[in-house]
Amino acid sequence: MKKYFTILLITSLTSFAQTKLIGKVTAENEPLSFASVLIVELNEGAETDGNGKYSIENIPTGVYTIQFSFTGFKTQRKKVNIQNEAEIQLNIKLEENITLDDVVVTGTLKAVSRLETAVPVEVYSATFLKKNPTPNIFEALQNVNGVRPQLNCNICNTGDIHINGLEGPYTMVTIDGMPIVSGLSTVYGLSGIPNSLIERIEIVKGPASSLYGSEAVGGLINIITKNATTAPRIYADYFTTSWFENNLDLGTKFKIGKHTHSLLGINYFNYNNPIDNNNDNFTDVTLQDRISIFNKIDFERKSKKKLSLAGRFFYEDRWGGEMQWNKSYRGGSEVYGESIYTKRYELLSKYQLPFTENISASFSYTNHDQNSVYGNTIFLAKQEIAFGQLTWDKKITNHDLLFGTAFRYQYYNDNTTATQNSEKTKISSFFIQDEIKIASKHSVLLGTRYDYNNIHGSIFTPRIAYKWKPSENDVFRINAGTGFRVVNLFTEEHAALTGSRDVVITEDLKPEKSYNINLNYLVKKQFEKGVHAILDFSTWYTYFNNQILPDYDSNPNQIIYSNLNGYAQTLGLTANADIIFPNGLKTTLGFTVLDSKNKRDEITSRPILTENYSATWGISYEITKWQTSIDYTGNLYGPMRLPLLGELDPRDEYSPVWSIQNIQFTYKKWKNIQMYGGVKNLLNWTPNKGNPFIIARANDPFDKEVNFDANGNAQPSANNPYALTFDPGYVYGPNQGIRAFLGLRYNLL
């Protein structure tokens, strides 16, 4: 009996034997301190010490996945079969992941590594968007250097994207290279793109009209969606804030038959909690109910050539105004409110033709319907845009050629006096680009585009670029070119509809023309003690002819639109630095300095709502022991000139230096789930600080108690000592103070 008991005891001890896993993590033959070692199935792990060594004890028998990771290096996974060994040694070499080999397509309409492209392109991954979770792309771009989301109205909170100090209509936004945000959607189209579907965002600063046509004058933002074959099977992200904002992102992929992959994404955002912290009886933030559904289908073809089809439906109901407003007051003169119903359809497709040559066809269609009221002003508009493009990518010896032809049809109609009949615009285009390899380290890119507009005639937009790559880790570029833009006044200038100013158009508006030169230097550096960095420096100059700027200064009761009788120019310098430290700390820093001015009728002035400097930062730190990461993000803006209503207006002519800062904590212990939370606007900054009011005459939004002279100018009175009229256009930043947020992500690969 004793013998059998001893055998049973030995067998039991063997079955529950524990193994110790030891090893060393290195990079470039140097020990890597603070690297993370995780047993995925057990969710247990350790960090490497100062010599790169690690040790995990008491591992039961079984087959496990050992994950080795460190910020700035490619994660590696190894399968280990543990069968009662006392000790197992596993050494790993991690490869650096801070590279310049990101494949970009935006700058030249063809796939090329970021270091090889002649046109500077900035790349922001989906991980970047998660460092400061937002319900839309518009807000997500607030931490991109040189890119500023600009609110255009204190009441309805519509906005656009400024790049390097240029107004939002100069920024073109595309999805997978296809133009989708223009005209009516300039101020509404950046909301509701599901973040769960975004693979990365590519940004080109400076004119891209020679490839993309009108509107790509100040820069281009290309949102690239995930591939349906490689996206997660299920993705869900929900967060809420202490202001009771609720945002839900859902994504999934599935197969339709054997050779068709579908990617479905849904974004829903709701905010229905009127708040008036500045006590002006107007909502501080617009209330919104928004849904966006995006579906992308990728087809597998025997030829391995690309075929994809995507569609998006977007609906939004937003309103802002006096706190007592409800929909029964919509369009009336009793209680002031701005209410916007937006319905939008989009269709995108790409098809590589079945030829030996690399020829691709693209198509997009958008239908945008808007029903809006601004107090008792009703604005009804509809826009349809059809766009088709054919490109041929051809390499001949040292020439990398791209030929393209495009056609754009736009139908637009609204109920304003400026559009008495519906407008139909047709633009036929042809463009050619040739990148010439003139030596092993030198290349030149030549490009030109010819557009024929049925209203404005022929338009040429040439460009030239030179690239010098002195080593594998740095590149110097010079880009010069022209741009043009055909203005859709009422769809792009929100101030023309809100408030009490009269809109005055003094002439037939001509297309704007710009000339730009940009110098860029990009380098990857490796410093002592394992510090790695990518440094990016640029300087540029932009000059405008025929620029259309709203004139708020000549008459406080009017917004005057005309082609600039003079010129406008912007000179700037910008720098970005991505730095990774061996202890798990990663920083992204950026600053931009601007000098913008307009000369109109021999008078030089600084443009409205243009900062003279700005800075952005993001600091991330992984605490492997606690399986937690910390993200601290922020921005800072210098003073901007603001639109006042006359000499008696008591509000500041220039905004103060202001900053929005956020902090986030993410807990990653669970296998497919992350919990995150933090605080937005840590400094509790709002634009009303230091000002007597933000919205002029908020107590009299229909100007019922304003006295006017014979010329229509407001006169001082006992109840209107500053001679003001109602106007919500004094806005330069978000009017939402400090708030907490809490969210949950689920990701099943």
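Laboratory data are not the source of any read-out in this text; all were calculated from the coordinates shown. The shown structure was predicted, so the numbers you read here are calculated from the model rather than taken from an experiment. Cβ: placed from backbone, ideal geometry, glycine included. Neighbour counts: every protein chain shown.
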(request) Under 10 Å from the Cβ of residue 253, count the other residues' Cβ atoms, weight Lys and Arg +1, Asp and Glu -1, and hand me the total. (result) +3
(message) Going Cα to Cα from residue 586, which aspartates and glutamates come in below 15 Å? Please leave out same-chain ones fewer than 8 positions away.
(response) 96, 578, 622, 631
(request) Name the long-range amide H neighbours of residue 722: under 5 Å, sequence gap of 5 or more, or other chain; modelled H, no Pro or chain starts. (result) 717
(request) May I ask you to evaluate 6.51 cos²θ - 1.76 cosθ + 1.60, the Karplus curve with θ = phi - 60°, for each residue of segment 694-711 and list the ³J(HN,Hα) values in order in whole Hz, giving x for glycine and proline? (result) 10, 8, 6, 6, 4, 7, 9, x, 9, 6, 6, 10, 9, 8, 10, 8, 5, 8
(request) Please turn the phi angles of segment 600-611 into ³J(HN,Hα) values with the Karplus equation 6.51 cos²θ - 1.76 cosθ + 1.60 (θ = phi - 60°), one per residue in order, whole Hz, x for glycine and proline. (result) 10, 6, 6, 10, 9, 8, 8, x, 5, 6, 10, 6
(message) Of 458, 163, 229, which is farthest towards the positive pole of the chain's charge dipole, taken about the Cα centre with +1 and -1 on the beta-carbons of Lys, Arg and Asp, Glu respectively?
(response) 229
(request) Rounded to the nearest 10 degrees, what's the angle between the helix 2-15 long axis and the longest principal axis of the chain, both from Cα atoms, 0 to 90? (result) 30
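How about segment 624-662: which trypsin sites (Lys or Arg not before Pro) there lie in a loop by DSSP and see at most 15 other Cβ atoms within 10 Å? Before the final figure, lay out the partial values.
Working: sites: 625, 641, 651; in loops: 651.
Hits after loop and neighbour filter: nothing returned.
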(request) Only Cα pairs under 8 Å and at least 6 apart count here; give the relative contact order of segment 657-732 as a rounded whole percent. (result) 24
(request) Would you work out the relative contact order for segment 532-672, in percent, from Cα pairs under 8 angstrom that are 6 or more residues apart? (result) 18
(request) Compute the relative contact order of the chain as a whole-number percentage, counting only Cα pairs closer than 8 Å that sit 6 or more residues apart in sequence. (result) 10
(message) Give me a comma-separated list of calculated 3J(HN,Hα) values for segment 220-237, in order, Karplus coefficients 6.51, -1.76, 1.60 applied at θ = phi - 60°, integers in Hz, x for any Gly or Pro.
(response) 9, 10, 10, 8, 9, 8, 5, 7, 5, 7, 10, 5, x, 5, 9, 9, 9, 9
(request) Let me know the charge dipole size of the chain about its Cα centre in debye, to the nearest 20, where only the beta-carbon of Lys, Arg (+1) and Asp, Glu (-1) is charged. (result) 3480
(message) Cut-off under 19 Å on the C-alpha distance; same-chain residues fewer than 8 positions from residue 424 excluded. Which lysines are left, in chain and number order?
(response) 382, 510
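Just to confirm a number: summing +1 for Lys and Arg and -1 for Asp and Glu over residues other than residue 229 whose beta-carbon lies under 10 angstrom from that of residue 229, what do you get?
Details: positive: 226, 253, 255; negative: 298, 300.
Net local charge, residue 229 excluded: +1.
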(request) For n ≥ 4 DSSP H runs only, could you compute -39500 (n - 2.57) per run for the chain, divide by its residues and tell me the 222 nm figure to the nearest 500? (result) -1000 deg cm²/dmol
